[in-house]
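The values are calculated or read from the model by the stated rules, or taken from the named source; none is laboratory data. The structure displayed is predicted, hence computed values, not measured ones. Neighbour counts are summed over all protein chains in view; Cβ atoms, including those assigned to glycine, are modelled from backbone coordinates with ideal geometry. Side chains are part of the model used for accessible areas, which takes the heavy atoms of the whole protein and leaves out ligands, DNA and RNA. Shrake-Rupley method; radii C 1.70, N 1.55, O 1.52, S 1.80 Å.
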Amino acid sequence: MATINANYDNLAPSYLFSEIGKRTKAFCSANPKAKVIKLGIGDTTQPLPPFIVDAMVDAAKRLGTIEGYKAFGHYGDEQGMTNLRNAIAAKYSERGVQIDASEVLVSDGAKSDLGNIQSIFGEDNNVAIQDPVYPAYLDVTAINGRSGELDKASGKYKRVFYMKCVPENNFSPEVPKSKADLIYLCSPNNPTGAVMNKSQLEKFVEHAQSTKSVIIFDAAYSAFITDKNLPRSIYEINGAKKCAIEVQSFSKSAGFTGLRLGWTVVPKDLECENAVPGRLNQLWNRRQTTFFNGASNIAQMAGLAALTPEGQAQCQQIVDYYQTNCQIIKKGLERTGLRTFGGENAPYIWARTPNNMSSWDFFDKLLNEANVVGTPGSGFGPSGEGFFRLSGFGFKEDTEEAVDRIKTRLHI
Ligand code: MLT
């Protein structure tokens, strides 16, 4: 007799971005003439850089030849192509961080790894997350049976430790005060746009080492850091290789949201209560070789191109474009009297809702009055209530128009 994984009953009925999609669709059906501008999900709009496209075309043509197919057309290493892993490791060395290619495992994107990584840890491990934060960490924790029950009054899971990120602490979390074995950190943060500086990260690394916990560091937005003093990788912090896993993505920095490519670094030095150095790297390898057959060969060739100097220069132009959008949004919202955060070293603008409106009420107001889709802050966690997020990943013209509509059409 088969039964379902009852942990799914412990989840909100739909994933945040699916819910937004559903409400937007319903609005569009009821208002077919409205020109809706979507600044909700952080989905990229700029086409792939030409250097990357050329590399993919070339790779596709080679796949149609015996030699090319033999070289990279069939099942590849589950861990990723050796030259791509080397190129990723070399990227870290530009920041003075020594990562061995064998510690880098290529994947089909950060989201999969951020969830799947839990499978190498004990079932009784407790999880800490920032509040608010990217909702996938929490949903995965619940699905894996590590969340405990949902306390309806507080909107919090009983076994999860929520690290509050609010204006009063500059959206910088404090280290967990109770048992947290796996600590998710996202910096630059989705959704607040806050970036943890070196001394803030050092506290987490010290804490993780002293409690034998493991940090799962989501660095998917590191390309948006403009301040040279801010760390782009947790491995810029001494001791982090002993206690942190880093997950990275080509999605936002190179436009691979549809192409899909990312990587995870599991250092050989990483240890935890019952794992000597090397063991966790081995387990992640074991997990990936069982559940995953490697990222698409075309995507990996594209990733390789993205990491060359030409690729990096062209990707930077796209990042600059999105950063300009962020400035347009931030300045525009502030001119309407809304208080904003983030948007400087991150592609998201986090803002207070006006007149203490709830996040979902403001979502509806923005959609109805300005025909603009944002993301309600409460969807990222209880401390996101009273905030909303706008994404810098839209088209510049749409972003300008959205800001103009917010200024002229929104009654606040
Ligand atoms: C977001 O909007 O928070 C992200 O685009 C979602 C994602 O990366 O999966």
### Query
Ignoring ligands and nucleic acids, what accessible area does Lys396 show with a 1.4 Å probe (Å², nearest 10)?
70
### Long-range HN-HN contacts of Glu174 with modeled amide H, under 5 Å
Lys164
### Query
When ranked by the protection proxy of mean other Cβ atoms within 10 Å per residue, highest first, what sequence do the peptides 39-45, 271-277, 346-352 form?
346-352, 39-45, 271-277
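Taking N as the number of residues in the chain, what is its Cα Rg relative to 2.2 N^0.38 Å?
Ratio of Rg to 2.2 N^0.38 Å for the chain: 0.98.
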### Query
So between Arg62 and His411, what do we pick up on full extension, going 0.36 nm a residue minus the alpha carbon distance?
119.9 nm
### Query
Modelled label-to-label distance, Thr324 and Ala2, 7 Å Cα→beta-carbon offset: nm?
5.2
### Task
Report the full-extension gain for the segment Lys331 to Asp269: residue separation times 0.36 nm, less the Cα-Cα distance, to one decimal in nm.
17.9 nm
## Note on the structure
Length gained if Met357 through Tyr69 is fully extended, taking 0.36 nm per residue and subtracting the Cα-Cα distance, is 97.9 nm
### Summary
dims of the range 10-98, Cα set, principal axes, largest to smallest, nearest Å -> 54, 37, 31
### Query
Round to a whole number: what % of the accessible area of the chain belongs to carbon and sulfur, probe 1.4 Å?
50
### Task
For every other residue with a beta carbon closer than 14 angstrom to the beta carbon of Thr82, add +1 if it is Lys or Arg and -1 if Asp or Glu, then tell me the sum.
-3
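What accessible area per residue comes out for the range 70-120, rounded to a whole number of Å², with a 1.4 Å probe? Numbers along the way, then the final one.
Details: 2250 Å² over 51 residues.
Computed with neighbouring chains in place, this is 44 Å² per residue.
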### Query
So which of Lys152/Lys179; Lys179/Lys203; Lys35/Lys365; Lys61/Lys91; Lys203/Lys252; Lys38/Lys156 end up more than 18 Å apart, counting from Cα to Cα?
Lys152/Lys179; Lys61/Lys91; Lys203/Lys252; Lys38/Lys156
## Note on the structure
Shape descriptors of the range 242-329 over alpha-carbon atoms, Rg and Dmax in angstrom, are 16.7, 50
### Task
Please go through the residue pairs Lys212/Lys268; Lys158/Lys212; Lys164/Lys228 and name each one whose alpha carbons sit more than 18 Å apart in this structure.
Lys158/Lys212; Lys164/Lys228
### Query
What Kirkwood hydrodynamic radius, in Å, does the range 178-267 give when the mean of 1/r is taken over all pairs of distinct Cα atoms and then inverted?
13.5
### Query
Can you give the Kirkwood hydrodynamic radius for the range 123-207, in Å, rounded to one decimal and based on Cα pairs?
13.2
### Task
Could you please report the charge total around Ala136, scoring K, R as +1 and D, E as -1 over all other residues with beta-carbon less than 10 angstrom from its beta-carbon?
-1
### Message
If I take R0 = 30 Å and measure r between the Cβ atoms of Asn238 and Lys164 in this structure, what FRET efficiency does the formula 1/(1 + (r/R0)^6) give, to the nearest 0.05?
### Response
0.65
### Message
Considering only C-alpha atoms, what is the centroid distance from the range 7-83 to the range 300-316, in Å?
### Response
18
### Query
For Asp124 and Ser29, what does the FRET efficiency come to when R0 = 41 Å and r is the distance between their Cβ atoms, rounded to the nearest 0.05?
0.30
